[in-house]
1. Taking the criterion of being within 23 Å of Ala146 (Cβ to Cβ), in contact (Cβ under 8 Å) with a residue 12 or more places away in the chain and either away from ligand 2 (no atom under 16 Å from the Cβ) or of a type in the set (Lys, Arg) (or both), would at least one residue in the range 246-256 satisfy it?
2. If you scan the range 150-182, which residues turn out to be in a strand (DSSP E or B) and either loosely packed, with under 13 Cβ neighbours inside 10 Å or within 16 Å of ligand 2 (Cβ to nearest atom) (or both)?
3. Report whether or not Arg420 is assigned to a loop (DSSP other than H, G, I, E, B) and buried (at least 19 other Cβ atoms within 10 Å of the Cβ).
4. Just name the residue that is nearest to the chain's Cα centre (by Cα) out of those in the range 166-183 that are more than 10 Å from ligand 1 (Cβ to nearest atom) and not aliphatic (A, V, I, L, M).
5. Given the residues Arg147, Arg140, which is the only one that is within 11 Å of ligand 1 (Cβ to nearest atom) and exposed (fewer than 15 other Cβ atoms within 10 Å of the Cβ)?
6. Select from the range 192-221 the residues that are of a type in the set (Ser, Thr, Tyr) and either under 17 Å from Thr150 (Cβ atoms) or within 26 Å of the chain's Cα centre (by Cα) (or both) and list them in ascending order.
7. Any residue that is away from ligand 1 (no atom under 16 Å from the Cβ) and either within 24 Å of Ala39 (Cα to Cα) or surrounded by 22 or more Cβ atoms within 10 Å (Cβ to Cβ) (or both) - is there at least one of those in the range 243-255?
Amino acid sequence: MYPGEVSKEALDWKAVQGQHITAVQRNILVLGSGGREHALAWKLAQGEGNKVYIAPGNAGTAEVGTNVNIKVSDFEGIKKFCLDHEIGLVVVGPEQPLVDGIVDFFKEDARLQKIRIIGPDKRGAQLEGSKAYAKEFMARNGIPTARCLTVNKTADGAAFLKSLKAPYVLKADGLAAGKGVLILDSLDEAMSELDNMLGGKFGDASATVVIEEFLSGIECSVFVLTDGEHYVLLPEAKDYKRIGDGDKGLNTGGMGAVSPVPFCTPDFLQKVEERIVKPTLNGLKQEKIDYKGFIFLGLMNCGGDPYVIEYNVRMGDPETEAVMTRIEGDFADMLYACADGCLDQVYYAKSEKTALTVMLVSGGYPEVYQKGKVMTGLDQLRDCVAFHAGTAFDAEGRVITAGGRVIAVTAQGSNIMEAREKAYENVVKIKFEGENHRHDIGLDLSPLTSHL
Ligand code: AMP
Ligand code: GLY
């Protein structure tokens, strides 16, 4: 079904699902503790009868559900909680538990098998867990991506590096907390960084390195929800990765997001579906990877043609904080349908509004920063949602900072400028020592300001 279309079957499906998802199965556990998980829990909590738990959560998730003090790596603790609380659906936020096999853990346990879980198994999660695997998968399935070579020894990479033009892209094969990609201006730097990476710059994650051709274009994030057979394209978004205005300075987890993205035209999205989404899902099927969950396509738009920069096996952060506000209806129904293999029949509509998210971060982030700063102004916010990322309560019950990315303010408008205005009106009301944010989220995308 094409996004936004509401079929009669979808409405019938809702009636049937309403019967088969009992009150008990409406207990949902979201794993993770960031802005993405707050946005997921916020959206899920809006559905009738849904009771949402978040493990471990943050000060914001406590407002939309019940926080549970269990780490995402504690599979036995998660199992006990799911059984004790009759959880019907588990939504895995971050990639690490997926790469570590949490879905396999559920599938292999006689008592957990009946619980629906959103995310790929360990093999599917390799699309994000190993860049070399992802590149081989794309090559096998004819999916457009940058030319590359995977190496374990510096000498093996020299000739390929010399064959490329500057800048040079080096990627640690494994998960490196979002830091494993280096983009270097000169061949000498690239050679010496290749040596450093293979020598353990990112630990085991860079024992293998993918050398890639540099793609120039504009990036965007396209989100697919698939049940292995069918798929839905969720609202796309643009992320702002650098710490400073004008996309200057160090790379971060993401400083803001906008959805929809003006350059993701229907024509571009159709190319994404035909050239990337369908071949990816066919490839997964052919390789007998049973994939029920999110596929986040990090794409480069090169002159109107999409290329895959990376696959992620989860939703993006902060993109989710914008995307969730544009999904209409009960998102839990979509996830139940995903787990049950009937995504083709689910009700799905998205708002035509523009959502814009600004991330407030701790002073010093993405390098060294302090935690424990008291936050004020949250009670002053109007016409927006503030999704908590790194926040906690102190002993007196006050909200304090507890991470680099602290809180994401999302507002909607009928265009980017309106959404920007509302978001920033609220951003300036939130105060904590060292607070920092970008001032230019969305400016590059609006026809009125893109020349600035
Ligand atoms: P990744 O962790 O793969 O998303 O890479 C981090 C960032 O590096 C991406 O968001 C891009 O901005 C950039 N990047 C990665 N691969 C390439 C490439 N082949 N060409 C240009 N930029 C890239
Ligand atoms: N915003 C990019 C990511 O979640 O990886």
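The values are calculated or read from the model by the stated rules, or taken from the named source; none is laboratory data. In this text the structure is predicted, and so the values were computed from the model without any measurement. Quick reminder, even Gly has a Cβ in these numbers, built from the backbone with ideal geometry, and neighbours come from all protein chains shown.
1. No: zero hits.
2. Narrowing the range 150-182 to residues in a strand (DSSP E or B): 150-151, 168-172, 181-182.
Result: Lys171, Ala172, Val181.
3. On the way: assigned to a loop (DSSP other than H, G, I, E, B): no; buried (at least 19 other Cβ atoms within 10 Å of the Cβ): yes.
No, not satisfied.
4. So, considering only residues that are more than 10 Å from ligand 1 (Cβ to nearest atom) and not aliphatic (A, V, I, L, M), the one nearest to the chain's Cα centre (by Cα) is Gly174.
5. Working: Arg140 fails: within 11 Å of ligand 1 (Cβ to nearest atom).
Result: Arg147 is the single residue among Arg147, Arg140 that is within 11 Å of ligand 1 (Cβ to nearest atom) and exposed (fewer than 15 other Cβ atoms within 10 Å of the Cβ).
6. Looking only at the range 192-221, we keep the residues that are of a type in the set (Ser, Thr, Tyr), and these are 192, 206, 208, 216, 221.
Residues satisfying the conditions are Ser206, Thr208, Ser216, Ser221.
7. We begin by selecting, within the range 243-255, every residue away from ligand 1 (no atom under 16 Å from the Cβ); these are 245.
Still in the list and also either within 24 Å of Ala39 (Cα to Cα) or surrounded by 22 or more Cβ atoms within 10 Å (Cβ to Cβ) (or both): none.
Within the range 243-255 (the criterion being away from ligand 1 (no atom under 16 Å from the Cβ) and either within 24 Å of Ala39 (Cα to Cα) or surrounded by 22 or more Cβ atoms within 10 Å (Cβ to Cβ) (or both)), the answer is no, since none of the residues qualifies.
Yes or no, residue by residue, for (1) at pLDDT below 95; (2) within 16 Å of Ile117 (Cβ to Cβ):
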| site | (1), (2) |
| --- | --- |
| Val16 | yes, no |
| His20 | yes, no |
| Arg36 | no, no |
| Trp42 | no, no |
| Gly47 | yes, no |
| Val52 | no, yes |
| Gly57 | no, no |
| Ala62 | no, no |
| Val72 | no, yes |
